[in-house]
Structures are given as C-alpha cells and as structure tokens.
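Remarks on the structure that follows.
The values are calculated or read from the model by the stated rules, or taken from the named source; none is laboratory data. None of the values given here were measured: they were computed from a predicted structure. Cβ atoms come from the backbone with ideal geometry, glycine included; neighbour counts cover every protein chain shown.
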Amino acid sequence: MLEARELECTRGERRLFSGLSFRLGAGQLLRVAGANGSGKTSLLRIMCGLLLPSAGELRWRGRPIRAEREEYCRNLVFIGHLNALKDDLTALENLQVAAALGGMTADAGRMLAALDRFGVAHCAELPTKILSQGQRRRVALARLALSAAAPLWILDEPFSALDVGAVVELEHLLAAHLASGGMVVLTTHQEVQVVAHTVLRIDLDVHTAALLAA
Amino acid sequence: MIRALGWVLRRDLLLAFRRRGDVVNALVFFIIVVSLFPLGVGPEASQLRNMAPGVLWVAALLACMLSLARLFAPDHQDGTLEQMLLAGEPLVVLVMGKVIAHWLVSGLPLVLMAPLLGLQFDLPGDALAVLCVSLLIGTPLLSLIGAVAAALTLGVRGSGVLVALLVLPLYVPVLIFGAGSVGATAAGTGAEAHLLLLGGFLALALVLAPWASAAALRIAME
C-alpha cells in the first residue's frame, strides 16, 4: 500500500501543491488531474522517489520509500513522458534492456508477445529511431505487459500519441492489473474507461484553489 | 547485481558499436595530435624522445575528455537514465557498468595504439612498455574521474567547458605521474614509484568515483 502524508512540492519560487495526502490500496486506481503546469509530473516523480518533496513523506507498506529505495523500486514500474528508448537499439533490444534493469525475467518469446500485444511485433527488429511517435510509445508501454509482478505502476500520460486501438489495449491491461490486486497511478487529459474496484482522483487545480482560498 | 552490470555494459558496448563514428573520432583525434608533433618539432631524435611521454599522455587525456560528454547526457535526454535510477539495483553498480564501457570504448583503444605512435618518437622498447602500462592504469582513472564530472554537470548549459574545468585539476596528478613514469625509465631511475602511485590513485577512484557519480546523478535528476 502506498500512503502519502502532507506532501508539498515547491519548484523554484512556486509552490505547486501542499498538504496532499492519500492512500492507495490493492486494486485501486489513482488518477491525477490538473491543468498544464499544475504539478502532475512533479507529483508522479515524487511518488517514484526521483524528486524529494519539500515537505511530507511517502510510505510504501508502512515504511518510508527513501529508506528502502531499491526494495521500493523493485515494486514499481514507471513510464514517464520520455519513452526511455535508445534510438540505435531495436525495439526488442530496448525491451530486453528495460526488462533486465527492471529485474524481470522474460525470454524472447514473451517479449515478442508483449510487443505483439501493442501491435508492434513487426517492428521488433527495427531500430526505434525509424519508428513513429505512436509506435515508440507502444514499444515503451510493452514493458507493462511484462511487469505484472510489480504491484505499483506509475504512468505519466500513458495515452499520449496512441491511436484508438492501442488505448483500448492499454485500458484492458490496466484493468487486468487492477483486478489482480495491482495499483495504478496515472495522469491523463483523455477520458479513459478503466474498470477498477475504486478510482481515486486528485485534482491539483481544485487542490490549489482550496489552498489559495484557505 | 552482476547481471544488471552486465546488461548496462552490454547495452553501452552495443550502442558504441552502432555509433562507431563517435568512437573512431576520439581515436583519430589522438592519432592526429600525436602524429603532428614529430612533424612540427623536427626530426631531432633526442628532443622527440624527451617530449614523447608528455605528448602522448596529454593527447590521451584530451581524447578521453572529449568523450565524456557522451557518458550520461544521451541517457539523460531519452529518459533511460531515469529508468536506471528506478532499476531496483544499486545505482553505483550501474554507473560502474557505464564507466567500464566508457573505458573499453574510449580508453583501451588509446592504450593499444600508444606503442605504435611511440615509435614515431623513437622511444626505446622499455620506455614503450612502461608507456603502455602507465596508460593501462591511467586511462581507467581518467574515465572514473570524468564520470563524476560528467554526472555533476548533467543538464547544465555549456557543460562541456564546465566538465573541463572540473576535471582538469584532478587529471593533472594522473598526467604528472603517468608521463613521469616514462620519463623516469628513460632517465634510468625506474618507473616503479610512479606506477605504484598511479595504481594507488586507481584503487581510490574505484572505490569513491562510482559512489560520487551515483550521488551526483540523483541530484541532477531532481
């Protein structure tokens, strides 16, 4: 379970949000909403431990995430704005490296199946620099199909650059992960239909408005 | 842990192989700089012998520094560095993998090329051997120190100049003892003391540099 207590984030002179608390349990989806520049990405990076909150703390299964960083990272899959693909490697090689670093054990067959799930199996042997933006996103997301063992998925704008078919595929994947007791945190501007036991929602605009009013 | 290190190493070597041009650049730079000196200075053999260690070492140092920009910056740009920070493996280990790959790609070719280039300076056999050994100990040291500077300047504008400023004071002792070892052999005093000191620096850097680079990378990503 992921628990946030009184998180505050300040970038430069600007305070993006403060006093943000939530609890995310098994099978729950957390959707972070807010206008551009409201701090969605910062919040997600704080959740990953890439960014230090200016106040407050995050706890994973009752322990601060910074205390056991590597243990926490093994439970986590993060897909950010950047696809984390090497242009000169093929889609399959990129997936192999990502899987190895993420501690997943998967053979080439399972990787091809993961790429196939996102409809990019035919690009497996092509360097990713010649793929389109949407195809590159699909290759990046194929990691998720191998990551069922990691309970917490943190996804920054996972639906960007995807076509309708891929959006549906990703929704299925997220729903299956949640159904098996996983947790998902995502930001998106699109309306998405993910079947989840509980959907939590943090609206950073509303949060900031409440802060200003207070 | 070793598996993760292996994967990082494999990935970086594969990338270097796919972008051979970048690798060859540094080596060609090294060869050109070293080869121009005998042409510019003239064919006086004793003068060439005297300046050979310094020239070869300075050229190796600059060639190594040129390639530092490629150590972390591309990974930072495409987001793979983020994934390394979240890999669930100690970052120090992954950094070590990258440094080893950097040395294999930009340090080792210089070591292998050095004896051939040393011949242009009429270096005797024992001096050539010492030159190779000193570069073999010294170039990993250059990669390790360079990794700290590259990590510290990650994402900073004009980082090339900044890297040079940060790294040069730390490179100077390596240069002095590296070039000094060859000079000492030529002078007949023996290179052991110089090489042992270089080895000591290397041991120290092996322990401290990956750790410092990893800490600097975490700060750079905030």
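Any residue at all in the range B:109-126 that is in contact with a Phe, Trp or Tyr (Cβ under 9 Å, 6 or more places away or on another chain), farther than 30 Å from A:ALA150 by Cα and not in a helix (DSSP H, G or I)?
The answer is yes, given that some residue of the range B:109-126 is in contact with a Phe, Trp or Tyr (Cβ under 9 Å, 6 or more places away or on another chain), farther than 30 Å from A:ALA150 by Cα and not in a helix (DSSP H, G or I).
Of all residues in the range B:195-219, count the ones that are of a type in the set (Gly, Ala, Ser) and either in contact with a His (Cβ under 6 Å, 6 or more places away or on another chain) or farther than 15 Å from B:VAL92 by Cα (or both).
Adding up the residues that qualify gives 3.
Within 14 Å of another protein chain (Cβ to nearest Cβ), within 18 Å of B:LEU142 (Cα to Cα) and surrounded by 13 or more Cβ atoms within 10 Å (Cβ to Cβ): does that describe B:VAL8?
no
Contact list please: Cβ distance under 6 Å, first residue in the range A:79-97 and more than 11 Å from B:LEU15 (Cβ to Cβ), second residue among the acidic types (Asp, Glu) and assigned to a strand (DSSP E or B), pairs at least six apart or on different chains.
From the range A:79-97, the pairs are A:GLY80/A:ASP156; A:HIS81/A:ASP156.
In the range B:143-153, which residue that is buried (at least 22 other Cβ atoms within 10 Å of the Cβ) and farther than 13 Å from B:LEU206 by Cβ is nearest to the chain's Cα centre (by Cα)?
So, considering only residues that are buried (at least 22 other Cβ atoms within 10 Å of the Cβ) and farther than 13 Å from B:LEU206 by Cβ, the one nearest to the chain's Cα centre (by Cα) is B:GLY146.
Considering only the range B:66-88, I want to know if a residue exists there that is away from every other protein chain (no Cβ under 14 Å), surrounded by 24 or more Cβ atoms within 10 Å (Cβ to Cβ), at pLDDT 90 or above and in a helix (DSSP H, G or I).
yes
Here is a list of conditions, (1) touching an Asp or Glu at 6+ places or on another chain (Cβ under 7 Å); (2) among the hydroxyl-bearing types (Ser, Thr, Tyr); (3) away from chain B (no Cβ under 14 Å), and A:SER180 meets all of them except one; can you say which number that is?
(1)
Just the residues that are charged (D, E, K, R) and within 30 Å of A:GLY49 (Cα to Cα), please, taken from the range A:116-161. Explain how you work it out, then say what you get.
Within the range A:116-161, the subset charged (D, E, K, R) is A:116-117, A:125, A:129, A:136-138, A:143, A:156-157.
Those that are charged (D, E, K, R) and within 30 Å of A:GLY49 (Cα to Cα): A:ARG117, A:LYS129, A:ARG136, A:ARG137, A:ARG138, A:ARG143, A:ASP156, A:GLU157.
In the range A:122-158, which residues are of a type in the set (D, E, K, R), touching a Lys or Arg at 6+ places or on another chain (Cβ under 9 Å) and in a loop (DSSP other than H, G, I, E, B)?
A:GLU157
Name the pairs: first residue in the range B:137-164 and touching a residue at least 60 places away in the same chain (Cβ under 8 Å), second residue surrounded by 18 or more Cβ atoms within 10 Å (Cβ to Cβ) and of a type in the set (Lys, Arg), Cβ to Cβ under 8 Å, at least 6 apart or on different chains?
Filtered contacts from the range B:137-164: B:ALA147/B:LYS98.
I'd like the residue in the range A:59-69 that is assigned to a loop (DSSP other than H, G, I, E, B) and surrounded by fewer than 16 Cβ atoms within 10 Å (Cβ to Cβ) and, out of all such residues, is farthest from the other protein chains (Cβ to nearest Cβ).
It comes out as A:GLY62.
Conditions (1) hydroxyl-bearing (Ser, Thr, Tyr); (2) part of a helix (DSSP H, G or I); (3) within 18 Å of B:LEU61 (Cα to Cα); (4) modelled with pLDDT under 90, marked per residue:
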| site | (1), (2), (3), (4) |
| --- | --- |
| B:LEU162 | no, yes, yes, yes |
| B:LEU168 | no, yes, yes, no |
| B:ILE176 | no, yes, yes, no |
| B:LEU196 | no, yes, no, no |
| B:PHE201 | no, yes, yes, no |
| B:ILE219 | no, yes, no, no |
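Is there a residue being assigned to a helix (DSSP H, G or I), under 16 Å from B:THR80 (Cα atoms) and either within 14 Å of chain B (Cβ to nearest Cβ) or touching a helix residue (DSSP H, G or I) at 6+ places or on another chain (Cβ under 9 Å) (or both) anywhere in the range A:106-121?
No, the conditions are met nowhere in the range A:106-121.
Looking at the range B:197-216, I want the residues that are touching a residue at least 24 places away in the same chain (Cβ under 8 Å) and have a partner that is among the aromatic types (Phe, Trp, Tyr) and surrounded by 19 or more Cβ atoms within 10 Å (Cβ to Cβ) with Cβ atoms under 8 Å, at least 6 apart or on another chain. Which pairs are those?
B:LEU198/B:PHE177; B:PHE201/B:PHE177
Yes or no, residue by residue, for (1) crowded, with 21+ Cβ neighbours inside 10 Å; (2) at negative phi; (3) more than 7 Å from every other protein chain (Cβ to nearest Cβ); (4) in a helix (DSSP H, G or I):
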{"site": "A:ILE46", "(1), (2), (3), (4)": "yes, yes, yes, yes"}
{"site": "A:LEU51", "(1), (2), (3), (4)": "no, yes, no, no"}
{"site": "A:GLU57", "(1), (2), (3), (4)": "no, yes, yes, no"}
{"site": "A:GLU71", "(1), (2), (3), (4)": "no, yes, yes, yes"}
{"site": "A:LEU82", "(1), (2), (3), (4)": "no, yes, no, no"}
{"site": "A:LYS86", "(1), (2), (3), (4)": "yes, yes, no, no"}
{"site": "A:ASN94", "(1), (2), (3), (4)": "yes, yes, yes, yes"}
{"site": "A:GLY103", "(1), (2), (3), (4)": "no, no, no, no"}
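So, B:LEU61, is that one more than 14 Å from chain A (Cβ to nearest Cβ), crowded, with 22+ Cβ neighbours inside 10 Å, touching a residue at least 40 places away in the same chain (Cβ under 8 Å) and more than 30 Å from A:ARG66 (Cα to Cα) or not? Before you say what the answer is, go through the steps one by one.
Values: more than 14 Å from chain A (Cβ to nearest Cβ): yes; crowded, with 22+ Cβ neighbours inside 10 Å: yes; touching a residue at least 40 places away in the same chain (Cβ under 8 Å): yes; more than 30 Å from A:ARG66 (Cα to Cα): yes.
Criteria met by B:LEU61.
Which one is nearest to the other protein chains (Cβ to nearest Cβ) among residues in the range B:13-31 that are under 24 Å from B:ALA59 (Cβ atoms) and charged (D, E, K, R)?
This residue is B:ARG19.
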